[in-house]
1. With the structure loaded, tell me whether ARG92 is out of contact with any helix residue (DSSP H, G or I) (no Cβ under 7 Å at 6 or more places or on another chain), surrounded by 16 or more Cβ atoms within 10 Å (Cβ to Cβ) and either in a loop (DSSP other than H, G, I, E, B) or modelled with pLDDT under 90 (or both) or whether it fails that test.
2. Which condition breaks for ARG241 when tested against (1) in a loop (DSSP other than H, G, I, E, B); (2) more than 22 Å from ASN418 (Cα to Cα)?
3. Evaluate the following for VAL124: is it hydrophobic (A, V, I, L, M, F, W, C), surrounded by 19 or more Cβ atoms within 10 Å (Cβ to Cβ) and free of Cβ contacts under 8 Å to residues at least 60 places away in the same chain?
4. Quick one: count up the residues across the range 306-320 that are modelled with pLDDT under 95 and over 21 Å from GLY254 (Cβ atoms).
5. Any residue at all in the range 135-155 that is among the charged types (D, E, K, R) and at pLDDT 85 or above?
6. Select from the range 245-268 the residues that are surrounded by 23 or more Cβ atoms within 10 Å (Cβ to Cβ), in a loop (DSSP other than H, G, I, E, B) and either at negative phi or not assigned by TED's automatic domain parsing to the domain that holds LEU284 (or both) and list them in ascending order.
7. In the range 184-207, how many are over 29 Å from THR104 (Cα atoms), at pLDDT 80 or above and either surrounded by 14 or more Cβ atoms within 10 Å (Cβ to Cβ) or among the aromatic types (Phe, Trp, Tyr) (or both)?
8. Residue check: is ALA224 outside the structural domain of MET166 (by TED's automatic domain parsing), touching a Cys at 6+ places or on another chain (Cβ under 7 Å) and surrounded by 14 or more Cβ atoms within 10 Å (Cβ to Cβ)?
Amino acid sequence: MVAAASRCPATRPDVEEIEINLLRVGPDGAMAGQPLIRALAAHGVDIVFGTPGTHGLPAYRHLHGFGVRHVSMRREQGAVHAAYGHARVTGRPGVCLLASGTPTLDAMGAVAQAYRDSVPVLLVSCDAGQAIGDQAAVMGSVTAYSHRVTSVAEIPVAVARAFAAMTSGRPRPAHIEVPADLSEALGAARPVAPIRLAVPAARAEDLDAAAERLSAAERPVIVAGGGARGAAGELRAVAERLGALVVTTAGGKGVIWDNHPLALGAGIHLHTVADLVEQADAVLVVGCELAPSDLWNGPLPLYGRLVRIDLDPAQIVADAVPEVAVVADAAQALRGLFERLDGRPDDGPAAGEGDLDPADRKLRDEIRDEWRRRKRAESRAEGAEWLEVVDALAAVLPRDAVVAAGAAALSARGVLANLPAHHPGAFLYGDTVAGFGLPAGVGAKIAAPWTPVAVLLDEHGAMTALAELAAAADLALPLPVVVVEGPEVPGDGDAASGPGNPVWASGPPSADLAALARALGCRSVRVSAPRVGAEVTRTFGADRPTLIWVTT
């Protein structure tokens, strides 16, 4: 498990001790932003990521008074990614405060990443005035809730609704737009308590049907996605009772630790996984979209064998229609399923198979070992170009470490299926926007200051997120930022091109990343792949970030 989030150094006042009468906003704007920050504090927010701008200053001046710490990032996308990393580690919604207009639109891709990964991030944008266009409709396409407030009284209501949207059903980001000219309006804002929401329970008849289908299976398989992150113990118990091998998506990586006898690790796109699913007579899919973003080699052969658990009623039939559907929170559904499965009380892997004779047990174990061998061989062949770096990291990362990786073949093919993970928050992966890894790593490190956090990027991702090195340096974070050298853009001589089909592209422009990192206040070294581990370990004890530029 990772450590709890750090608190603001200043004493955090009890929200209930603050004046609970109407909060008046005067025409001079002296109290502008107070209802917003008070509402955030009432919902447990103690850290806000942002890029301060003129129109947000009325809110910023109240942060300290409510015990809310501000972390200044350098780019709008970086602020959202940092809030994402903070949310993934703490399990609570991350919050960022930006100016409206271009800054908010610049952050839209990062919000889309949170939407796709089901991570609750609240973006509050403060614009120049009500006369300027309504961005709430635009942001509504990548959020569960997007609203433009039109009065001071509406602010705490909008915050309560946003948190309700983020924390009920499938987690999603939310957006609130606050016109700056409300600071010149006379108004009143009554405090609104957080809305308490019940988690929907699975129907007993659905759990009965799922248990019946899985109990009858001789070759069950489990596929776990990001929706299973909060149900790691329950998932492991069901897998052990069924004796089912478990494979995960990028979002589900670490839900079952990679050295567990039933774990195949991440990488549901691999051909070996498709073969495994094809021979299975029942496949339990938990909290997984089964989307092309995870299955880039084609869909899994699930017809006639799929049992699906998902919190989202719309998602339960998306991309693959199940034989049995259970709409519920993953942990609650898996507990109910475990209670209904045949088998004696849990005593280790494949506990439900206690009646196997030694010969059958030996054959079963040999079959599982063969699947693990096949999957490992394909994973390492796919990631061969980056294995020196991945293996060097695996040798030194503690079991509680968090790795934040950006959109790159390095991450998708090198790290995803080859770097071991030992807890559900071990791998933060953003493949929608380049440069995700660095600000997400900053957010994760702030959330868990005693947990080792490492960032892994290619050169393109490093150049995209370079400015956030300054933020990490200002915060004095002992953050290793591993940048692996080498273009990943096809050139005219690559296999993808050929006679009559040239690819007119080149790698990223060369730059002295080590010098740039030093200029931004970081340490920097340039090393060969075998030395990566030693430098990462050294950085964990340093007083600032280190850019580790790996030559290959």
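The values are calculated or read from the model by the stated rules, or taken from the named source; none is laboratory data. Treat the numbers as computed from the prediction; the structure is a model and nothing was measured. When we count neighbours, we look across all protein chains shown, and the Cβ atoms used for this are built from the backbone with ideal geometry, even at glycine.
1. When the stated conditions are applied, ARG92 passes them.
2. (1)
3. Judged against the criteria, VAL124 is not a match.
4. The total comes to 9.
5. Scanning the range 135-155, I find at least one residue that is among the charged types (D, E, K, R) and at pLDDT 85 or above, so the answer is yes.
6. If the condition is that a residue be surrounded by 23 or more Cβ atoms within 10 Å (Cβ to Cβ), in a loop (DSSP other than H, G, I, E, B) and either at negative phi or not assigned by TED's automatic domain parsing to the domain that holds LEU284 (or both), then THR249, ALA250, GLY251, GLY252, LYS253, VAL255, ILE256, ILE268 are the ones that fit.
7. Total satisfying the criteria: 4.
8. For ALA224, the condition - outside the structural domain of MET166 (by TED's automatic domain parsing), touching a Cys at 6+ places or on another chain (Cβ under 7 Å) and surrounded by 14 or more Cβ atoms within 10 Å (Cβ to Cβ) - is met.
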